[in-house]
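As structure tokens, the structure follows; a few thoughts come after it.
Each reported figure results from applying straightforward, stated rules to the coordinates on display, with no laboratory input. Everything numeric in this text was worked out from a predicted model, so none of it was measured. FYI the Cβ positions are ideal-geometry reconstructions off the backbone, even for glycines, and counts take in every protein chain you see.
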Amino acid sequence: MEYLLIEYADPQGVLDPIALRYRLRNNPIVPRWVERVRLAQQQYEIDDPRRFYGFGTDQTAQALLSINKCIDLINSFEPILDRQLADIGDQDTLNYLHSIFERYHGLLDKQTDSFWNRAPEQVRKALADLNIAVHRCESVIRGRPPSHVVTWFGLPKDHVLKDEDYAWVEHTWQPGTVFLNYCEIGKTLEELADDQDEYIGADAFRPFRHYSADFVVNFGSRTARQATARHAIMYAYYQQHRAKFAPWQACYTNGKLPLADLEGELDLDAVASRQMVQSVKLI
């Protein structure tokens with residue numbers, strides 16, 4: 001087994017699908033991730049095959065509609081949200097909505113007797129979709145490069161990275177790099193610095209520790225200069241709030257862990273017109 005093969009389809013069914021092949025990296029994280037993917041595929045469908053971001057299409061109306069639909073559905077079961085979102089640039093409300101997801105979903109190890117366990121399946125899905133929609137809004141307003149995320153939400157997130165895994169973290173990349181996706185319930189130091197979040201609880205700061213089958217394909221690049229600028233933003237936030245944090249080295253696990261690299265040329269227009277993952281295969 002050497003490759004991750006992803007088939008992309010046109011949601012409208014007009015264009016023929018295309019398949020992109022990503023060569024797996026030779027690092028100790030990849031075999032453990034492959035095991036998680038195989039287990040996920042035995043039990044679950046991909047959560048949302050249309051989790052594409054940053055392709056220049058107007059996602060504003062879609063994001064607003066999705067968030068407010070989730071709010072209405074959740075409140076129909078139990079009125080826990082007292083806001084709607086009128087503007088995707090309203091970071092304060094986005095932070096509030098994300099805190100609701102954290103509080104009522106529960107952290108990875110704190111779901112006993114929670115709202116999540118009492119809620120029917122459609123409300124659970126709305127709460128999970130609320131989290132996704134918040135991140136979609138943030139992606140739009142920050143102009144993030146094109147990417148897509150593949151997750152299997154139902155797979156237990158009970159595997160933890162080893163200390164030596166962080167030696168493989170990368171802070172720069174080329175288009176078409178596949179990375180392990182953050183699957184914690186909470187926010188990293190980088191997200192806290194971006195969001196200036198005043199709602200998040202102390203226990204919801206979560207460095208990248210747990211991993212799953214979930215992955216992200218980055219179709220943009222990041223240079224050393226851009227990585228240095230991100231580091232400076234994070235470090236400044238850490239210094240301003242250091243009483244809330246562990247030592248810097250324990251918090252700064254927010255790079256990306258690489259899994260695979262695209263083979264061949266990237267035709268971004270072809271992907272942009274096929275923003276739906278039709279299949280994921282390991283070959």
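Around GLN278, which amide H atoms from residues at least 5 apart in sequence, or from another chain, sit under 5 Å from its own amide H, with H modelled in the peptide plane?
Under 5 Å from the amide H of GLN278 lie the amide H atoms of GLU7, TYR8, ALA9, each far enough along the sequence or on another chain.
Name the GluC sites (Glu not before Pro) in the range 1-106 that are in a loop by DSSP and that have at most 12 other C-beta atoms within 10 Å, would you?
Here the GluC sites (Glu not before Pro) that fit, given the DSSP loop and packing criteria, are GLU2, GLU45.
Put a dot 7 Å past each Cα toward the Cβ at GLN196 and ALA250; how far apart are the dots in nm?
Rounded to a tenth, the inter-label distance reads 2.8 nm.
Evaluate the distance, in nm, between pseudo-label points positioned 7 Å from the Cα of GLU170 and of GLN62 along their respective Cα→Cβ axes.
2.7 nm
With a length cut of 18 Å (Cα positions projected on each helix's long axis) and a Kyte-Doolittle mean of at least 0.0, go through the chain and give me the DSSP H helices that pass.
Helix filter hits for the chain: 60-77.
Under 13 Å from a point placed 7 Å out from the Cα of GLN43 along the Cα-to-Cβ direction: which residues of the range 129-164 have their backbone N that close?
Label zone hits: 152-159.
To check you understand DSSP bridge types, tell me what percent of the beta bridges within the chain (both residues inside) are antiparallel, rounded to 5.
The antiparallel proportion sits near 95 percent.
Choose one of ALA9, LEU64, VAL30: the residue whose Cα lies farthest towards the positive end of the charge dipole of the chain (beta-carbon charges +1 Lys, Arg; -1 Asp, Glu; about the Cα centre).
Result: VAL30.
Arrange the following residues from fewest to most other Cβ atoms within 10 Å of their Cβ: VAL37, VAL14.
VAL14, VAL37
Within the range 145-240, which trypsin sites (Lys or Arg not before Pro) sit in a loop by DSSP and count at most 11 neighbouring Cβ atoms inside 10 Å?
Of the trypsin sites (Lys or Arg not before Pro), the ones in loops of the range 145-240 whose Cβ has at most 11 other Cβ atoms within 10 Å are LYS162.
Could you state the principal axis extents of the C-alpha atoms in the chain, from the largest down, to the nearest angstrom?
Over the chain, Cα extents along the principal axes are 48, 46, 34 Å.
Quick check: residue separation of GLU7 and LYS125 times 0.36 nm, minus the Cα distance between them. What number comes out in nm?
Computed gain between GLU7 and LYS125 is 40.0 nm.
For the range 30-47 and the range 148-207, what is the separation of their C-alpha centers, rounded to whole Å?
So the two Cα centres are separated by 18 Å.
For HIS148, HIS159, what ranking results if the residue with the fewest other Cβ atoms within 10 Å of its Cβ goes first?
Placing the least packed residue first, the sequence is HIS159, HIS148.
Picking from PHE115, LEU73, ALA243, whose Cα lies most toward the positive end of the charge dipole for the chain (charges on Cβ: Lys, Arg +1; Asp, Glu -1)?
ALA243
Would you compute, from DSSP H runs of 4+ residues alone, the mean residue ellipticity of the chain at 222 nm, taking -39500 (n - 2.57) per run and dividing by the full residue count, rounded to the nearest 500?
Calculated mean residue ellipticity at 222 nm is -11500 deg cm²/dmol.
Order by neighbour count: TYR53, TYR166, fewest other Cβ atoms within 10 Å first, most last.
Listing TYR53, TYR166 from fewest to most nearby Cβ atoms yields TYR166, TYR53.
Using +1 on the beta carbon of Lys and Arg, -1 on that of Asp and Glu, and nothing else charged, what's the dipole of the range 31-154 about the Cα centre, debye to 20?
So the magnitude is around 420 debye.
About the Cα centre, and with charges only on the beta carbon of Lys, Arg (+1) and Asp, Glu (-1), how big is the dipole of the chain? Nearest 20 debye, please.
Its charge dipole is roughly 520 debye.
Would you mind working out the magnitude of the charge dipole of the range 183-248 relative to its Cα centre, with +1 at each Lys and Arg C-beta and -1 at each Asp and Glu C-beta, to the nearest 20 Debye?
Dipole about the Cα centre, nearest 20: 340 debye.
At 7 Å along the Cα-to-beta-carbon direction for both ASP82 and ASN27, put a label point, then send me their distance in nm to one decimal.
4.5 nm
For LYS256, go through the lysines and keep the ones whose alpha-carbon is under 16 Å away, minus same-chain ones fewer than eight residues off.
Partners found: LYS162, LYS187.
Considering Cα pairs under 8 angstrom that are at least six residues apart, work out the relative contact order of the chain and quote it in whole percent.
Relative contact order here is 33 percent.
Got the relative contact order for the range 129-283 handy, in percent, Cα pairs under 8 Å and 6 or more residues apart?
Relative contact order here is 34 percent.
Can you give the relative contact order of the range 74-180 as a percent, counting alpha carbon pairs under 8 Å and 6+ residues apart?
Rounded, it is 25 percent for the range 74-180.
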